[in-house]
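The values are calculated or read from the model by the stated rules, or taken from the named source; none is laboratory data. Please read all numbers here as calculations on a predicted model, not as lab measurements. In this analysis, Cβ positions are derived from the backbone assuming ideal geometry, glycine residues included, and neighbour counts consider all displayed protein chains.
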Amino acid sequence: MLVLQKQNIKGFSLLELLVVVVIVAIVSAVAYPNFSSWKTDRELRQGAEKITNLIAGINTQAQRGSYPYVQVHISPSGTAGGGSSSVTFTSKGMKQSTLSSKLNAGTSLTCPMTGAGTGDWDVDVAEYRLENLAVHFDSDGAVCFSKDGSLFGKEGEIQSNLNITIEKVNSDNYVIICTLKNAAKTGNECAINQAGGLEKPAYLVQWSRFGNVTKFKWSGSDWNRQ
């Protein structure tokens, strides 16, 4: 004979549900700032990596002889509040025939900030747009490279870079990227050091006249190689 036992099934009381909701809210409140900080740092890191790759890529073209004279053009675009809502990085190349023509004519190569097909640059090789992040200047700047470093030059805001200390060496060959929130505290441009108000997270991409590119992360007081 089969005996069925009646089970005593209970539901959650209102008090128990409220306790669970409160616990979930507390855990979420504690975890969200950490997640938000991680997400922001990740976006900046990815931006710095793409900038590094773009500069390294156009220098590889120069070393191979595809374009003996090359440029990286950095162009911030403004917002209504005066800051940079995006920054476009464009690499450009000049063919050997164009370069030879200019040199033979005695033309001074001053790293011109012009578009492709203008008589200066033959082609836009690559482009990367940095969205909702800022750099340490608010108008156009450019840096130019050649295979042997002899035609290295800078124009615009990059030419005005101040010397900062990176791994105990002074350098003015860099671009700094930070959040719009950080930049808003320092005149809508990323500060360049702690005294100027630079805060974490921030990244710096440095180059040499020979096209060597290195990425750094701001620790809060110094630049650490990545």
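Of the residues making up the stretch 188-224, those that are hydrophobic (A, V, I, L, M, F, W, C), under 30 Å from Leu151 (Cβ atoms) and either part of a strand (DSSP E or B) or under 12 Å from the mean Cα position of the chain (by Cα) (or both) are Cys190, Leu204, Val205, Trp207, Val213, Phe216, Trp223.
Taking the criterion of being at pLDDT below 95 and crowded, with 21+ Cβ neighbours inside 10 Å, the only residue of the stretch 77-112 that qualifies is Ser84. For the stretch 117-175, a residue qualifies if it is in a helix (DSSP H, G or I) and at negative phi, and the qualifying residues are Glu157, Ile158, Gln159. The residues listed here are Glu49, Glu131; of these, the one that is modelled with pLDDT under 95, under 18 Å from the mean Cα position of the chain (by Cα) and of a type in the set (Asp, Glu) is Glu131. Just one of the numbered conditions (1) touching a residue at least 40 places away in the same chain (Cβ under 8 Å); (2) within 12 Å of Glu167 (Cα to Cα) is not true of Asp222: (1).
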